[in-house]
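The values are calculated or read from the model by the stated rules, or taken from the named source; none is laboratory data. This is a predicted model, so every value here is computed, not measured. Every residue, glycine among them, receives a Cβ derived from its backbone with ideal geometry; neighbour counts consider all protein chains shown. Only protein heavy atoms, including side chains, enter the accessible area calculation; ligands, DNA and RNA are left aside. Shrake-Rupley method; radii C 1.70, N 1.55, O 1.52, S 1.80 Å.
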Amino acid sequence: MNAHHTSRIKLQGVVHAFIVALATHAVAAPEAVASDSVTVVSWGGSYAEACKKAVMDPFTIETDIEVRLESYNGGLAQIRAQVETGSVHWDVVDLEFADLVRGCDEGLLELVDIDELPPAADGTPARDDYYEGTYSECGGGGIFYSTVYAYNNESFAGERPTTIEDFFDVEKFPGRRGMRRTAVGNLEFALMADGVPPEEVYEILDTPEGLSRAFNKLDTIKEHIVWWEAGAQPPQMLADQEVIMSTAYNGRIFNAQVLEQQPFTIVWDGQMLDYSQFAIVAGTPNLEAAKRFLLFASRVENMAAIGRYIAYSPTRRSGIDLISTHHETGVEMRPHMPSAPENMGRVVRNDWEWWSDNGEEMNERFSVWLSR
């Protein structure tokens, strides 16, 4: 068994999770800061704005360290290029969990000791407060989010879609669909729409026959798909009625519904529950400032604060009780969270280990499929 696999088992075996924890001043990090600014890279749009209001601005107020916010569309390519050339200009990056684990294994990210992360308000150590499987050796802070599909009510005069099968049914619901230009999520949706129970998705996907089955299902709607890359695109495509339905991040749709009064409906059936975490880029010249930010972002109350601006919930157990109302509108937030019981009927939880092992191969196959 190689070290790569051993670290995986270690990660899986520990009951913990990953994002928030109430930092006491004792844990709040080194006094001497090498820099008066830190560059944090996130996903842009309403999610980045939520992180800015909930975490970044308060961090600057507490520490006098300016946060320079940049956006990207995910993946490790830019981080890898910076580390390999020794020209690191990103300090902290918000990463999808499979990328986080892969980047950690490749040495692209700084190691983070979970026992240094702040405890819960009642003193519960971070390692016991995180949900199982949602913490990495290189991560801190973070949230549960979900890839769902949504539609514009005005695009339907009669019957409306209610299941993941409906997304793939172009006879019953003719029109264009939006999907993210990536393998992750789409393969899972395709198998569930083809009748595979959520708990069997990765077992099926792990076989050549199952993989072909997923791509064959995607073939049935390929000519009807409008591809998107940035999270801000699906709400815009729905508003413009460029598509009749689109996969999207649940928080983006929530913000469009609540802040822009868009007539959108989320279909939670078949949702893909996922989680992300902040990580420090290996070799950053601003290591101390980056560590201070990571610890601050890992306080439970700061993670829960993100859920006052967008419908994403903490991945630490003690965080959910801190979820309250939407900061601007007063809307009760808990029913809009992907992990709310009423939204968890048929849900597949992203298997980060499977994607960490197979992601590059799947992305290559997906690119070939796209070009056909």
Cα gyration tensor shape for segment 120-183, rounded if a/c is under 1.5, else prolate or oblate: prolate
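Among rounded, prolate and oblate, which fits the chain when a ≥ b ≥ c are the square roots of the eigenvalues of its C-alpha gyration tensor, a/c under 1.5 means rounded, and a/b larger than b/c means prolate?
Numbers: a/c = 1.76, a/b = 1.40, b/c = 1.25.
Prolate, because a/c is 1.5 or more and a/b exceeds b/c.
Just add up the charged neighbours of ASN73: K/R +1, D/E -1, any other residue whose Cβ is under 10 Å from the Cβ of ASN73.
On the way: positive: ARG180, ARG181; negative: GLU229.
Local charge sum for ASN73: +1.
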The chain: most fluctuating residue of SER87, SER324, SER339 per GNM, C-alpha cutoff 10 Å: SER87
Pairwise label distance in nanometres, VAL331 with GLU66, each label 7 Å out on the Cα-Cβ vector: 3.4 nm
Most positive-pole-ward Cα, PRO235, VAL38, THR147, against dipole of the chain from beta carbon charges: PRO235
Rounded to 5, percent antiparallel among DSSP beta bridges of the chain: 60 percent
Segment 148-202 and segment 271-320: distance between their alpha carbon centers, rounded to Å: 30 Å
Cβ-defined net charge surrounding LEU370, 9 Å radius [Lys, Arg +1; Asp, Glu -1]: +3
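Quick check for you: with a 1.4 Å probe and neighbouring chains kept, what is the accessible area per residue of the chain, in Å²? Could the numbers behind the result be given before it?
Details: 14940 Å² over 372 residues.
Result: 40 Å² of accessible area for each residue.
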Sulfur and carbon atoms: percent of accessible area, segment 261-372 [1.4 Å]: 49 percent
Most fluctuating residue given options ASN186, ASN350, ASN216, as computed from a GNM of the chain linking Cα atoms under 10 Å: ASN216
Highest-fluctuation residue, ASP240, ASP122, ASP91 considered, GNM on the chain with Cα pairs under 10 Å: ASP122
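Once a ≥ b ≥ c are taken as the square roots of the eigenvalues of the Cα gyration tensor of segment 139-265, is the result rounded (a/c under 1.5), prolate (a/b larger than b/c) or oblate (a/b not larger than b/c)? Walk me through the numbers on the way to the answer.
Details: a/c = 1.98, a/b = 1.27, b/c = 1.55.
Oblate shape, in that a/c is at least 1.5 and b/c is the bigger or equal ratio.
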Burial ranking of peptide ranges 258-267, 283-292 (average Cβ count within 10 Å, highest at the top): 283-292, 258-267
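Using only alpha carbon pairs under 8 Å that are at least six residues apart, calculate the relative contact order of the chain and give it in whole percent.
On the way: 769 pairs, mean separation 109.6, N = 372.
After rounding, I find 29 percent.
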Accessible-area composition of segment 140-216, carbon plus sulfur, in percent [1.4 Å probe]: 45 percent
Residue-averaged 222 nm ellipticity for the chain, from DSSP H runs of 4+ at -39500 (n - 2.57), nearest 500: -10000 deg cm²/dmol
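Take peptides 332-338, 133-139 and line them up by average Cβ neighbours within 10 Å, highest first, as a rough protection proxy.
Values: 332-338: 19.4, 133-139: 25.0.
Averaged packing, sorted descending, gives the order 133-139, 332-338.
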